[in-house]
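Engineer: Please see the structure below; I have some questions.
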Amino acid sequence: TTREADACFPETHQRFVDIQYLVEGEEYLGWCPLSPELSVRTPYDAARDVTFYERLVPESNLVLLPGSFAVLFPEDVHRPQVATEDGPVPVTKVVVKISTELL
(Lines give C-alpha, C1' and ligand atoms only; values in the text may rest on other atoms or scores of the structure.)
Protein backbone atom coordinates (compact mmCIF):
# COMPACT_ATOMS: atom_id res chain seq x y z
CA THR A 1 0.00 0.00 0.00
CA THR A 2 1.31 3.44 -0.91
CA ARG A 3 2.04 5.93 1.86
CA GLU A 4 2.26 9.67 2.37
CA ALA A 5 5.54 11.15 1.09
CA ASP A 6 6.82 12.05 4.57
CA ALA A 7 6.68 8.34 5.52
CA CYS A 8 8.87 7.31 2.55
CA PHE A 9 12.59 7.99 2.43
CA PRO A 10 14.74 8.23 -0.68
CA GLU A 11 17.24 5.42 -1.18
CA THR A 12 20.12 4.21 -3.32
CA HIS A 13 21.71 0.83 -3.90
CA GLN A 14 25.38 0.25 -4.70
CA ARG A 15 25.41 -3.38 -5.87
CA PHE A 16 22.16 -3.60 -7.79
CA VAL A 17 20.13 -1.89 -10.50
CA ASP A 18 16.40 -1.90 -9.67
CA ILE A 19 13.77 -2.48 -12.32
CA GLN A 20 10.40 -1.60 -10.77
CA TYR A 21 7.37 -2.70 -12.81
CA LEU A 22 3.88 -1.68 -11.66
CA VAL A 23 1.23 -4.35 -12.25
CA GLU A 24 -1.76 -2.66 -10.58
CA GLY A 25 -2.50 0.48 -8.60
CA GLU A 26 -0.59 3.73 -8.97
CA GLU A 27 2.22 5.47 -7.13
CA TYR A 28 4.59 8.39 -7.30
CA LEU A 29 8.21 7.43 -7.71
CA GLY A 30 10.39 10.30 -6.56
CA TRP A 31 13.81 10.70 -8.19
CA CYS A 32 16.94 12.85 -8.15
CA PRO A 33 20.57 12.31 -9.14
CA LEU A 34 23.06 11.29 -6.47
CA SER A 35 24.82 14.48 -5.31
CA PRO A 36 26.67 16.03 -2.35
CA GLU A 37 23.57 18.12 -1.48
CA LEU A 38 21.79 15.04 -0.15
CA SER A 39 21.68 14.46 3.61
CA VAL A 40 22.15 10.83 4.63
CA ARG A 41 19.48 9.60 7.03
CA THR A 42 20.80 6.04 7.40
CA PRO A 43 24.36 5.20 6.29
CA TYR A 44 24.99 2.42 3.79
CA ASP A 45 23.95 -1.02 5.04
CA ALA A 46 25.95 -3.56 3.00
CA ALA A 47 23.77 -6.50 4.07
CA ARG A 48 20.65 -4.77 2.68
CA ASP A 49 22.51 -2.81 -0.04
CA VAL A 50 20.74 0.44 0.83
CA THR A 51 21.46 4.00 1.92
CA PHE A 52 18.53 6.20 3.00
CA TYR A 53 18.42 9.98 2.58
CA GLU A 54 16.37 12.72 4.27
CA ARG A 55 14.88 14.10 1.05
CA LEU A 56 15.34 14.40 -2.69
CA VAL A 57 17.39 17.40 -3.91
CA PRO A 58 16.05 18.49 -6.37
CA GLU A 59 12.82 16.51 -6.35
CA SER A 60 11.13 15.06 -9.42
CA ASN A 61 8.18 12.68 -9.35
CA LEU A 62 7.03 10.17 -11.93
CA VAL A 63 3.62 8.53 -11.82
CA LEU A 64 3.88 4.77 -12.20
CA LEU A 65 0.69 3.31 -13.67
CA PRO A 66 -0.06 -0.32 -14.53
CA GLY A 67 2.30 -1.48 -17.27
CA SER A 68 4.94 1.17 -16.61
CA PHE A 69 8.39 0.62 -15.20
CA ALA A 70 11.48 2.46 -13.99
CA VAL A 71 15.11 1.38 -14.30
CA LEU A 72 17.13 2.78 -11.38
CA PHE A 73 20.93 2.68 -11.38
CA PRO A 74 23.17 3.22 -8.30
CA GLU A 75 23.38 6.95 -9.10
CA ASP A 76 19.56 7.25 -9.15
CA VAL A 77 18.20 8.29 -5.76
CA HIS A 78 14.61 7.10 -5.66
CA ARG A 79 11.63 7.23 -3.29
CA PRO A 80 9.09 4.55 -4.20
CA GLN A 81 5.66 3.80 -2.79
CA VAL A 82 4.37 7.39 -2.46
CA ALA A 83 0.61 7.90 -2.63
CA THR A 84 -0.79 10.06 -5.42
CA GLU A 85 -3.46 12.75 -4.87
CA ASP A 86 -6.08 9.98 -4.65
CA GLY A 87 -4.50 8.83 -1.36
CA PRO A 88 -2.98 5.51 -0.32
CA VAL A 89 -3.93 2.53 -2.50
CA PRO A 90 -2.78 -1.08 -2.69
CA VAL A 91 -0.26 -1.74 -5.45
CA THR A 92 1.19 -4.85 -7.01
CA LYS A 93 4.74 -4.27 -8.15
CA VAL A 94 7.52 -6.51 -9.40
CA VAL A 95 11.07 -5.43 -8.45
CA VAL A 96 13.92 -7.11 -10.28
CA LYS A 97 17.46 -6.54 -9.02
CA ILE A 98 20.35 -6.89 -11.45
CA SER A 99 23.88 -7.08 -10.09
CA THR A 100 26.08 -4.21 -11.24
CA GLU A 101 28.83 -6.81 -11.78
CA LEU A 102 26.86 -8.04 -14.80
CA LEU A 103 26.90 -4.65 -16.51
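The values are calculated or read from the model by the stated rules, or taken from the named source; none is laboratory data. Computed from a predicted model, the values in this text were never measured in an experiment. Every residue, glycine as well, gets a Cβ built from its backbone with ideal geometry; the counts of neighbours run over all protein chains shown.
Engineer: Go through the range 1-24 and give me each residue that's more than 11 Å from the chain's Cα centre (by Cα) and buried (at least 19 other Cβ atoms within 10 Å of the Cβ).
Structural biologist: Once the filter is applied, which keeps residues that are more than 11 Å from the chain's Cα centre (by Cα) and buried (at least 19 other Cβ atoms within 10 Å of the Cβ), the range 1-24 yields Thr2, Phe16, Leu22.
Engineer: Still on this structure, I have one more. Quick check, is Thr51 surrounded by 12 or more Cβ atoms within 10 Å (Cβ to Cβ), over 13 Å from the mean Cα position of the chain (by Cα) and part of a strand (DSSP E or B)?
Structural biologist: Working: surrounded by 12 or more Cβ atoms within 10 Å (Cβ to Cβ): yes; over 13 Å from the mean Cα position of the chain (by Cα): no; part of a strand (DSSP E or B): yes.
Considered against the rule, which asks whether it is surrounded by 12 or more Cβ atoms within 10 Å (Cβ to Cβ), over 13 Å from the mean Cα position of the chain (by Cα) and part of a strand (DSSP E or B), Thr51 comes out as no.
Engineer: Still on this structure: Spot the failing condition for Leu56; the list is (1) surrounded by 12 or more Cβ atoms within 10 Å (Cβ to Cβ); (2) of a type in the set (A, V, I, L, M); (3) in contact with a strand residue (DSSP E or B) (Cβ under 6 Å, 6 or more places away or on another chain); (4) in contact (Cβ under 8 Å) with a residue 60 or more places away in the chain, and only one is missed.
Structural biologist: For Leu56, the exception is condition (4).
Engineer: Could you tell me whether the range 87-100 includes any residue that is assigned to a loop (DSSP other than H, G, I, E, B), more than 20 Å from Pro10 (Cβ to Cβ) and in contact with a strand residue (DSSP E or B) (Cβ under 6 Å, 6 or more places away or on another chain)? Before the answer, list the steps.
Structural biologist: We begin by selecting, within the range 87-100, every residue assigned to a loop (DSSP other than H, G, I, E, B); these are 88-91.
Filter once more, keeping what is more than 20 Å from Pro10 (Cβ to Cβ): 89-90.
Checking which are in contact with a strand residue (DSSP E or B) (Cβ under 6 Å, 6 or more places away or on another chain) leaves us with none.
No, because not a single residue in the range 87-100 is assigned to a loop (DSSP other than H, G, I, E, B), more than 20 Å from Pro10 (Cβ to Cβ) and in contact with a strand residue (DSSP E or B) (Cβ under 6 Å, 6 or more places away or on another chain).
Engineer: Same structure again: List, please: which pairs have Cβ atoms under 8 Å, are six or more places apart or on different chains, and start with a residue in the range 23-51 that is on the phi > 0 side of the Ramachandran plot and modelled with pLDDT of 95 or more and end with one that is of a type in the set (S, T, N, Q) and buried (at least 17 other Cβ atoms within 10 Å of the Cβ)?
Structural biologist: Gly25/Thr2
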